[in-house]
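I have placed the structure first, in the form of structure tokens, so that the comments after it can refer back to it.
The values are calculated or read from the model by the stated rules, or taken from the named source; none is laboratory data. Computed from a predicted model, the values in this text were never measured in an experiment. Note that each Cβ is placed from the backbone with ideal geometry, even for glycine, and that neighbours are counted across all protein chains shown.
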Amino acid sequence: MQKIRALIASPRVLSIKSNGWLYKCAGIRWIMSEESGNVQNKPVKRVEEGNGESGEHIRKKLKSDVEQTGDERKHPKRKVVLLLAYSGKGYYGMQRNAGSSQFKTIEDELVTALIKSGCIPDNHGDDMKKMSFQRCARTDKGVSAAGQVVSLKLWMIEDIKEKLNSNLPPQIRVLGLKRVTGGFNSKNSCDARTYSYMLPTVAFAPKDYSTENSIAFRLEPETLQRVNCLFGSYKGTHNFHNFTSQKAARDPSARRYITEMTCGEPFVRGGAEFAEITVRGQSFMMHQIRKMIGLVIAVVKGYSGDEVLKRSWGEEKVDVPKAPGLGLVLEKVHFDRYNKRFGGDGLHECLEWTEEEQAILAFKEEHIYPSIVETECQEGSMASWMATLPIHDFKATAKGAQDKDRGQVGESNRIIFASSIVWFFFFKSNKMFNISSLIIN
């Protein structure tokens, strides 16, 4: 290979061909890359001395910039958001678990469809950061969504929605697609999230009511009024460290702002009476909504007094029951700040989905509501969960229970220690003792 030397420093980019290689000079550095038709037409960034980039690093960067497949040249890559609706039954939540194929998630199905449809390269499926993927909410196992929004970069192929849906199972649909700004992040740009929770109204029956006759139960207006009074107390900013796991009482991130929480009028499906709870907040922690509902159910059924809600926002650890995940649905995510800033600039659309409302409702009626009602009637997840409420001690704090457990553990250790001493002398007297065989915790 012919050796080329830069004789003078020049701000212009010089190009010299030799033995099938293209040498380019930017500043006082020579950049070597394989000759191709695309290289001559690609502008080369000027490299100043002392910027810390080696020639090999620049060569690789040039190759990655200019070497594109036919699909990439044909279809531009853009930042978009997808409106998703899905039934969470049978899935281990929304977020993908890389390298864990046995626990299938919604994102597993979505990434597979993106690759099959030609929206992203194959290697983006292994590393979702390559497509700047982000979701608004990480729904838990079994939780459904009617208005989940994800942001990502993809190739703008024709008929994206139709091709994606053809590669998705029926219980997962892409209902909308919109262009967004290059720096958009669906999680960070989301101002608020609205969830609903559909449950059989027998959950609010007195604790001595027999669940064997749950289909016949009908919620009294006075009980519904009390339920809404309790839910209303959640409004505002509170410390919800007792409503999730691994959050300390003084952790600032445990403070969350709730703007709405109500229970709607009951309705009958499958012969049983149901009701839908709606809650809107800035953001929610793992299991927070299910625990908020679980604690109100415990109070209405008579397992605890109303004061437990206020006590649960204090620093002491309170035992809060977690309602089943079956009826929880992510209804809508809100982008008020983004819409105000970019929605009217003439280049980007408002992230509102009024045109998709009928499709959202149709999906809920076909996939989400029937799944919740049928599963509840067949498996009785709410009745099974209500049977566990008596084991919760709403008066004692978790700290007291921990102290009690420590006392029991300490007593057990003393017994083990005493037994070990007895066995020590026994083995020693029989000359069978091996010090490595004695373990005292």
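The table that follows gives values for the structure above.
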| read-out | value |
| --- | --- |
| Members of the stretch 338-359 that are over 16 Å from residue 81 (Cα atoms) and either modelled with pLDDT under 95 or in contact with a Gly (Cβ under 9 Å, 6 or more places away or on another chain) (or both) | 340, 341, 344, 345, 346, 359 |
| Positions within the stretch 102-129 being within 22 Å of residue 185 (Cβ to Cβ) and either touching a Cys at 6+ places or on another chain (Cβ under 6 Å) or part of a loop (DSSP other than H, G, I, E, B) (or both), in sequence order | 105, 119, 120, 121, 126, 127 |
| Yes/no for residue 218 being loosely packed, with under 14 Cβ neighbours inside 10 Å, more than 22 Å from residue 283 (Cβ to Cβ), in contact (Cβ under 8 Å) with a residue 40 or more places away in the chain and assigned by TED's automatic domain parsing to the domain that holds residue 299 | yes |
| Residue match in the stretch 152-161 (condition: over 22 Å from residue 79 (Cβ atoms) and charged (D, E, K, R)) | no |
| Of residues in the stretch 146-168 being assigned to a loop (DSSP other than H, G, I, E, B) and either in contact with a strand residue (DSSP E or B) (Cβ under 9 Å, 6 or more places away or on another chain) or of a type in the set (A, V, I, L, M, F, W, C) (or both), the one nearest to residue 83 (Cα to Cα) | 168 |
| Residue in the stretch 212-221 that is modelled with pLDDT of 95 or more, part of a strand (DSSP E or B) and within 26 Å of residue 384 (Cα to Cα) present | no |
| Extreme residue, farthest from the chain's Cα centre (by Cα), among residues of the stretch 143-173 that are of a type in the set (D, E, K, R) and surrounded by fewer than 16 Cβ atoms within 10 Å (Cβ to Cβ) | 158 |
| Check on residue 177, buried (at least 17 other Cβ atoms within 10 Å of the Cβ), at negative phi and among the hydrophobic types (A, V, I, L, M, F, W, C) | no |
| Members of the stretch 183-230 found to be under 26 Å from residue 333 (Cβ atoms) and of a type in the set (Ser, Thr, Tyr), listed by number | 186, 189, 194, 195, 196, 197 |
| Residue satisfying all of: in the stretch 130-145; among the small types (Gly, Ala, Ser) and not in a loop (DSSP other than H, G, I, E, B); nearest to residue 82 (Cα to Cα) among these | 145 |
| Enumeration of residues in the stretch 224-256 that are part of a helix (DSSP H, G or I) and either farther than 26 Å from residue 200 by Cβ or not assigned by TED's automatic domain parsing to the domain that holds residue 296 (or both) | 241, 252, 253, 254 |
| Hey, residue 245 touching a residue at least 24 places away in the same chain (Cβ under 8 Å), among the hydroxyl-bearing types (Ser, Thr, Tyr) and buried (at least 18 other Cβ atoms within 10 Å of the Cβ) or not | no |
| Residues that are in contact with a Phe, Trp or Tyr (Cβ under 8 Å, 6 or more places away or on another chain) and closer than 30 Å to residue 377 by Cβ, drawn from the stretch 183-200 | 193, 195, 198, 199, 200 |
| The stretch 354-376 residues that are within 19 Å of residue 325 (Cα to Cα), paired with ones that are of a type in the set (Lys, Arg) (beta carbon under 7 Å, 6 or more apart) | 371/89; 373/269; 375/89 |
| Candidates 307, 315, filtered to the one that is among the charged types (D, E, K, R) and touching a residue at least 60 places away in the same chain (Cβ under 8 Å) | 315 |
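Per-residue answers, yes or no, for (1) at pLDDT 95 or above; (2) in the same structural domain as residue 379 (by TED's automatic domain parsing); (3) more than 27 Å from residue 338 (Cα to Cα); (4) of a type in the set (Lys, Arg):
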{"site": "83", "(1), (2), (3), (4)": "yes, no, no, no"}
{"site": "125", "(1), (2), (3), (4)": "no, no, yes, no"}
{"site": "142", "(1), (2), (3), (4)": "no, no, yes, no"}
{"site": "154", "(1), (2), (3), (4)": "no, no, no, no"}
{"site": "166", "(1), (2), (3), (4)": "yes, no, yes, no"}
{"site": "170", "(1), (2), (3), (4)": "yes, no, yes, no"}
